[in-house]
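Beneath this line is the structure, given in structure tokens, with notes to follow.
The values are calculated or read from the model by the stated rules, or taken from the named source; none is laboratory data. Everything numeric here is computed off the predicted structure, so don't read it as measured data. When we count neighbours, we look across all protein chains shown, and the Cβ atoms used for this are built from the backbone with ideal geometry, even at glycine. When the accessible area is computed, the model is the full protein with side chains, heavy atoms only, and any ligands, DNA or RNA have been set aside. Shrake-Rupley method; radii C 1.70, N 1.55, O 1.52, S 1.80 Å.
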Amino acid sequence: MNENKQQQQQQQQQRKRRRRDDTGDSVRIADAEEDEKKVKTKGLSEIITSLILLEDHEKNDLEETEKANQDEKLQLEDNHTRRTRAMMDYYSKLQDFHKDAERVEGTRKRKAKANAFAATAMAIGAAAANGEDSVSGDKNAAVNDKPPAAGPQRRLWVKNRSKDWWDQCNSPNFPEEEFKKAFRMGKDTFDMICNELSSVVAKENTMLRDAVPVRQRVAVCIWRLATGEPLRLVSKKFGLGISTCHKLVLEVCSAIRNVLMPKYLRWPEEESVRRIKEEFESMSGIPNVVGSMYTTHIPIIAPKISVAAYFNRRHTERNQKTSYSITVQGVVDPRGVFTDVCIGYPGSMPDDQQHLTWTQHAFNEKIGEIQGIAKESFARLKGRWACLQKRTEVKLQDLPVVLGACCVLHNICELRNEDLDASMKFELIDDEMVPEIGLRSANAMKARDAIAHNLLHHNHAGTSFLS
């Protein structure tokens with residue numbers, strides 16, 4: 001009995017201990033679950049807080065970037081406005097100076113002409129007086145002798161000039177190759193230009209003389225641009241006066257600018273821009289390139305004002321002769337056709353030395369490949385129109401019109417596949433314009449460095465030997 005009772009008591013105690021153990025385990029499990037829940041909640045809160053902070057940080061960065069871009073845009077617009085205003089003021093002063101010079105020259109010529117007339121009148125008077133004295137003194141003269149003339153008879157004199165060379169060129173039987181060598185384009189292209197300009201450059205006959213035909217007017221201008229020969233030789237080739245040839249060149253160049261430039265030299269439309277970007281990226285690996293830019297120099301005679309602004313140090317050192325120039329900056333598409341030009345800025349060139357990393361050097365190599373397209377286009381421009389290779393007789397204020405006409409005619413020849421003869425190829429030397437400060441925009445520098453990094457590490461930069 002006692003043993004059974006003891007066993008029962010032990011079993012009860014064991015059951016109590018098991019219940020206590022189960023209760024403790026349940027409490028511990030509950031505590032553990034609670035702790036785990038707290039940890040998860042804390043971790044989730046930290047993640048949410050981090051996301052909020054990241055979002056705020058990104059928002060602040062975006063606002064700062066937008067503010068920086070806006071500031072840069074305003075700065076660029078302000079710089080462009082000030083630069084444009086400065087150039088307009090400069091050209092206004094330049095035109096005023098030339099007007100004053102022409103007025104002084106006109107006054108001088110009128111005075112010289114008046115003096116010449118006065119001297120002639122005095123000479124005529126003296127001759128008449130001598131004649132009268134001679135007649136009165138000769139008492140034995142025959143009655144039927146005629147008295148001397150009272151004065152010189154006025155007559156019209158026109159110099160006889162030969163047009164044989166132009167008549168040959170204008171003949172239907174003139175060889176195509178010879179015509180192309182003389183005018184840098186075939187007869188079909190020349191006829192197209194004449195037809196486009198006819199309504200603007202045509203003149204009517206007068207009672208004094210017949211008007212110069214449209215084809216001859218256009219030919220005078222194009223031959224002058226193509227050869228760069230002085231006006232006296234143009235006059236001899238076409239059988240026209242020197243001043244007439246000078247006037248025709250400026251009139252036709254102005255017509256080319258007003259009539260043909262809007263058609264043949266303009267910024268591409270959206271669809272064309274997309275195609276141009278694709279072509280440039282396929283050849284260089286650089287995205288979003290819409291044009292290749294280059295700046296060349298056109299030699300000029302020393303200007304009468306702002307001489308230092310036009311002084312070209314590099315050309316002076318290379319030629320061992322004081323040189324002056326103006327600049328032509330152009331943007332071309334992958335075919336070498338100009339889509340934009342900026343003409344007329346003075347040609348003084350600053351120096352700049354750059355210390356480049358390999359990445360920047362690789363970027364410049366690819367940029368150089370793109371820029372080479374524009375450089376080759378400028379070489380063809382100068383090769384085709386030799387007036388751009390040497391100092392010209394054209395006045396400084398008229399040069400932008402002449403240079404613009406050359407660019408338009410270049411585009412027409414390129415678009416119509418007018419090949420340039422090998423003997424006319426021209427090599428550009430030492431023409432690069434190097435800015436004093438290459439990049440002013442921090443964002444532009446970041447974009448440049450990102451493109452350069454991508455080129456280098458995807459073997460698009462031509463420097464894969466470094467890896």
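Yes/no matrix, rows are residues, columns are (1) small (Gly, Ala, Ser); (2) in contact (Cβ under 8 Å) with a residue 40 or more places away in the chain; (3) under 28 Å from residue 180 (Cα atoms):
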{"position": "224", "(1), (2), (3)": "no, yes, yes"}
{"position": "231", "(1), (2), (3)": "no, yes, yes"}
{"position": "240", "(1), (2), (3)": "no, yes, yes"}
{"position": "254", "(1), (2), (3)": "yes, yes, yes"}
{"position": "261", "(1), (2), (3)": "no, yes, yes"}
{"position": "282", "(1), (2), (3)": "yes, no, no"}
{"position": "286", "(1), (2), (3)": "no, yes, no"}
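What number of residues within the range 170-181 are part of a loop (DSSP other than H, G, I, E, B) and either open to solvent by 80 Å² or more (accessible area, probe 1.4 Å) or over 22 Å from residue 416 (Cα atoms) (or both)?
Final tally of qualifying residues: 3.
With the checklist (1) at pLDDT below 95; (2) of a type outside the set (Gly, Ala, Ser); (3) buried (at least 19 other Cβ atoms within 10 Å of the Cβ) in hand, flag the one item residue 407 doesn't pass.
(1)
Give the residue that is least open to solvent (accessible area, probe 1.4 Å), with candidates limited to residues of the range 182-199 that are among the polar types (S, T, N, Q) and farther than 20 Å from residue 244 by Cβ.
By that ranking, first place goes to 189.
Taking residue 386 as the residue in question, decide whether it is farther than 24 Å from residue 268 by Cβ and modelled with pLDDT of 90 or more.
Yes; evaluated as a whole, the condition is true for this residue.
Tell me which residues, restricted to the range 292-309, are on the phi < 0 side of the Ramachandran plot, part of a loop (DSSP other than H, G, I, E, B) and open to solvent by less than 70 Å² (accessible area, probe 1.4 Å).
302, 303, 305
Can you say whether residue 340 is touching a residue at least 60 places away in the same chain (Cβ under 8 Å) and open to solvent by 10 Å² or more (accessible area, probe 1.4 Å), as far as the supplied structure shows?
Judged against the criteria, residue 340 is a match.
Where in the range 187-290 are there helices (runs of 4 or more DSSP H), lying fully within it, with 2 or more residues that are of a type in the set (A, V, I, L, M, F, W, C)?
187-201, 214-227, 231-238, 242-255, 270-284
Determine which single condition residue 318 fails, assuming it passes every other condition in (1) over 20 Å from residue 376 (Cβ atoms); (2) within 22 Å of the chain's Cα centre (by Cα); (3) outside any strand (DSSP E or B).
Every condition holds for residue 318 apart from (2).
Scan the range 234-263 for residues that are closer than 30 Å to residue 163 by Cβ and open to solvent by 50 Å² or more (accessible area, probe 1.4 Å) and report the count.
Total meeting the criteria: 9.
How many of the residues making up the range 200-217 are more than 36 Å from the chain's Cα centre (by Cα) and open to solvent by less than 100 Å² (accessible area, probe 1.4 Å)?
Here the count works out to 1.
Being open to solvent by less than 30 Å² (accessible area, probe 1.4 Å), of a type in the set (S, T, N, Q) and over 17 Å from residue 337 (Cβ atoms): is that true of residue 312 here?
On the way: open to solvent by less than 30 Å² (accessible area, probe 1.4 Å): yes; of a type in the set (S, T, N, Q): yes; over 17 Å from residue 337 (Cβ atoms): yes.
Yes; evaluated as a whole, the condition is true for this residue.
Can you find, within the range 15-70, the residue that is modelled with the lowest pLDDT among those that are open to solvent by 90 Å² or more (accessible area, probe 1.4 Å) and among the aliphatic types (A, V, I, L, M)?
29
Of the conditions (1) buried (at least 19 other Cβ atoms within 10 Å of the Cβ); (2) modelled with pLDDT of 90 or more, residue 286 fails just one. Which one is it?
Condition not satisfied by residue 286: (2).
Check off (1) open to solvent by 50 Å² or more (accessible area, probe 1.4 Å); (2) under 19 Å from residue 414 (Cβ atoms) for residue 226 and give me the number that stays unchecked.
Against the list (1) open to solvent by 50 Å² or more (accessible area, probe 1.4 Å); (2) under 19 Å from residue 414 (Cβ atoms), residue 226 comes up short only on (1).
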